[in-house]
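Structure incoming, see below.
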Amino acid sequence: MFKKIIKIAFLFFVIVTFLGMKQPSYAIKGKPNSTKVTYDKNGNKKQERQYDKDGRAQRDVDYVPNEEPHEHDWDWSGENEKAPKRGERKPVENVSKKVKKAAILGTTLYFIISEGSRIVIPIRNLVPIV
């Protein structure tokens, strides 16, 4: 009888645990060069963890409702080799911002080289600016 009660209690514990279980935060070591994503109960992205070539956590991106995403880098250096530290919160640099910066830089360089060549090569002044 006592064994039956233990089995029922254990089964109840397992069922309650799995039904109410939250998704775990991912381990600090994982598959090399991979990314793991955690979702909330509504299917929205909650966290993204990226692993480096050695399978160590490299970067976390946290998605907080009603806020901009932010990231944390992991510090594995020196004393932190066995117990790495999650870095300070910083805003995620959007890829589109990088593309805009590259486009502005490229346009500026083109203009400097194009118009600068008019000074270096005077015959270039005969070609109209289009």
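Look at the range 46-101 and say how many of its residues are of a type in the set (Gly, Ala, Ser), surrounded by 10 or more Cβ atoms within 10 Å (Cβ to Cβ) and free of Cβ contacts under 8 Å to residues at least 12 places away in the same chain.
Applying the first criterion (of a type in the set (Gly, Ala, Ser)) to the range 46-101 yields 55, 57, 77-78, 83, 87, 96.
Then keep just the ones that are surrounded by 10 or more Cβ atoms within 10 Å (Cβ to Cβ); that gives 55, 57, 87.
In the following step, the residues that additionally are free of Cβ contacts under 8 Å to residues at least 12 places away in the same chain were identified as none.
Adding up the residues that qualify gives 0.
Any idea which residue in the range 49-76 is modelled with the lowest pLDDT, counting only those that are assigned to a loop (DSSP other than H, G, I, E, B) and within 22 Å of Lys31 (Cβ to Cβ)? If you could, list the steps in order and put the result at the bottom.
Residues of the range 49-76 that are assigned to a loop (DSSP other than H, G, I, E, B), as a first pass: 52-55, 63-69, 76.
Checking the rest, the ones that are also within 22 Å of Lys31 (Cβ to Cβ) come to 52-55, 63, 76.
Details: Asp52: 91, Lys53: 93, Asp54: 90, Gly55: 90, Tyr63: 88, Trp76: 85.
Only one residue tops the list, namely Trp76.
The values are calculated or read from the model by the stated rules, or taken from the named source; none is laboratory data. Keep in mind that this is a model prediction, so the values were computed, not measured. Neighbour counts run over all protein chains shown; Cβ positions are idealised from the backbone, glycine included.
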